[in-house]
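Participant: Right, I'll just put the structure down here and ask away after.
The values are calculated or read from the model by the stated rules, or taken from the named source; none is laboratory data. Just so we're clear, the structure is a prediction, and the values are computed from it rather than from any experiment. Cβ: placed from backbone, ideal geometry, glycine included. Neighbour counts: every protein chain shown.
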Amino acid sequence: MIFSSYGFMFLFLPIVFIGYFLLNRIAYIYAAKLWLILASFIFYALGSPSFFPVFLACIVGNYIFGSILSNLYTGTEKRQRKAVLTIGILANVALLGYYKYTNFFITNINGIAHTDISLQHIVLPIGISFFTFQLIAFLVDSYSGFTKSYSILDYLLFITFFPQLIVGPIVHHREMVLQFEDVSNTRLNWDNLAVGLFLFSIGCAKKILVADPLTTHAQTFFNAIPDNPGFSESWWCAIEYTVSYYFDLSGYADMAIGLGKMFNITIPENFNSPYQARNFQDYWQRWHITLSRFLGDYIFRKVYCKGSPYRNYYTATMVTFLVSGFWHGAGWTFILWGLVNGFFVCTASWMKRKHKRFPFVIAFVLTMLGVIVLRVLFVSATFADAWQVYQGMIHVTSLLEQGFLVPSIGPKLIITLSIGLLLCWFMPNSRCLATKFRISWIWLLFAGILIGLSLLRMNNGAVFLYFQF
């Protein structure tokens, strides 16, 4: 089940919403929490039914490990606590590794050792890359003494709360559990409901009206890259995928944040106009903010050591982006994508330290070009596929022969991409719009138009791109 579907909007969400606040209204607070947990379980089970029992065992096991770590935090059982933490982290990483990286390692072993190990038929469970990070963060914080013995209901809500369960934003226990414990959040808040619906309408429109048509066309190209693609086709599809990727991910985040608001839960922002960045350091402070925060807290800060020549900023940055690349996908293209991003971030940091600065327009254009070129590497199945597209992007003679026209591109795609670029570069983002939102007819009309147009196209909706990771 995805947010941008009739079943979710007209069946699942109303039933869960009404049931939750009715139970809270009659002071059945624990029953209301249990209702929301069961709804989240159903939401996940509908997406990954075969993995659901493993999912349940995983989150219960992590609760037990976290409780042990919290109770052992006396300052005297360091060896025992470290052993429990290590076992817990390795168990989470092993689960993620089995489902996501088994075939990657088998392929590489076959290539290096000339063996013939058969690939496994493993279906990647939805959300595993995201909730695994949250579980690991919970264990590390329990080890460090930053958690307390949460009730099982609050812990389960933190992990399974359905708006952010599948594709994030990646939330932290400190910012979520306190909200679930706050009794004032159990009462229906009409202002939060209104702004939540407003954000949901924006995210739905981003996904269905902009991302889906662009993704469908771009994926057709990248799934079967033609021999010697032309200049115009290569650039068009690269830009198309770059724009669609942002609207797909930020659309999900807007819907997730909006759904959280409906339940009086504030979910952190995940995107802040990343395509307006002036360098890659700025870009990664705006793109997938909660992922960057997690990697910064649990990778960068563990590697970085001030004053060390070997664990300096640049080393820590490269290690962090190596992990980021491998987290995004089981392939060497993802690893190289992460390392190149890290190099660009290091370059931006070095220029800042040396007080070297391009004029904004030049910096903006170079950053945008870098994002587009790297998106090709990100979405290509192999280096050979990426190289084919890169050759097309510098094949200027094909532009002279074929012109700017690409046969498969019609007026609707041209208009959609143009609107997408204008929204990315010049319009306020969802967070700014939510800040300005007031309950008035003009704002409600705007939201109603977005939802109405989205409903008309909802039959053609596709799954979110990060379901593949």
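Participant: Identify, from the list Ile89, Ile106, the residue that is more than 20 Å from Leu38 (Cα to Cα) and either of a type in the set (Phe, Trp, Tyr) or out of contact with any helix residue (DSSP H, G or I) (no Cβ under 7 Å at 6 or more places or on another chain) (or both).
Facilitator: Details: Ile89 fails: either of a type in the set (Phe, Trp, Tyr) or out of contact with any helix residue (DSSP H, G or I) (no Cβ under 7 Å at 6 or more places or on another chain) (or both).
Only one candidate qualifies: Ile106.
Participant: Can you find a residue that is over 18 Å from Pro14 (Cα atoms), over 17 Å from the mean Cα position of the chain (by Cα) and modelled with pLDDT of 90 or more anywhere in the range 247-263?
Facilitator: For the range 247-263, residues over 18 Å from Pro14 (Cα atoms), over 17 Å from the mean Cα position of the chain (by Cα) and modelled with pLDDT of 90 or more: absent.
Participant: For the condition in contact with a Pro (Cβ under 8 Å, 6 or more places away or on another chain) and either touching a residue at least 24 places away in the same chain (Cβ under 8 Å) or on the phi < 0 side of the Ramachandran plot (or both), what is the one hit in Val171, Val167, Val210?
Facilitator: Residue meeting the stated conditions: Val171.
Participant: Inspect all residues belonging to the range 268-275 and state whether any of them is buried (at least 24 other Cβ atoms within 10 Å of the Cβ), within 17 Å of Cys432 (Cβ to Cβ), in contact (Cβ under 8 Å) with a residue 12 or more places away in the chain and out of contact with any Lys or Arg (no Cβ under 7 Å at 6 or more places or on another chain). Even if it seems obvious, please write down each step before you answer.
Facilitator: Restricting attention to the range 268-275, the residues satisfying the condition of being buried (at least 24 other Cβ atoms within 10 Å of the Cβ) are 270.
With within 17 Å of Cys432 (Cβ to Cβ) added as a condition, the list becomes 270.
Among the residues that remain, those that are also in contact (Cβ under 8 Å) with a residue 12 or more places away in the chain are: 270.
Imposing the further condition that a residue be out of contact with any Lys or Arg (no Cβ under 7 Å at 6 or more places or on another chain) reduces the set to 270.
Checked the range 268-275: at least one residue is buried (at least 24 other Cβ atoms within 10 Å of the Cβ), within 17 Å of Cys432 (Cβ to Cβ), in contact (Cβ under 8 Å) with a residue 12 or more places away in the chain and out of contact with any Lys or Arg (no Cβ under 7 Å at 6 or more places or on another chain).
Participant: Mind listing just one residue for me: the one in the range 286-304 that is in a helix (DSSP H, G or I) and aromatic (Phe, Trp, Tyr) and, of those, farthest from Phe138 (Cα to Cα)?
Facilitator: The residue in question is Phe300.
Participant: Consider Thr102 carefully, then state whether it is loosely packed, with under 15 Cβ neighbours inside 10 Å, closer than 18 Å to Ser48 by Cβ and either in the same structural domain as Ser48 (by TED's automatic domain parsing) or not small (Gly, Ala, Ser) (or both).
Facilitator: In short, yes.
Participant: Another question, then. Restricting to the range 232-280, count the residues that are part of a helix (DSSP H, G or I), among the aromatic types (Phe, Trp, Tyr) and farther than 12 Å from Cys204 by Cα.
Facilitator: 7
Participant: Conditions: (1) touching a helix residue (DSSP H, G or I) at 6+ places or on another chain (Cβ under 9 Å); (2) under 25 Å from Pro163 (Cα atoms). Arg293 meets all but one. Number of the miss?
Facilitator: (1)
Participant: Within the range 119-152, restricting attention to residues that are over 19 Å from the mean Cα position of the chain (by Cα) and among the aromatic types (Phe, Trp, Tyr), which residue is surrounded by the most Cβ atoms within 10 Å (Cβ to Cβ)?
Facilitator: Tyr143
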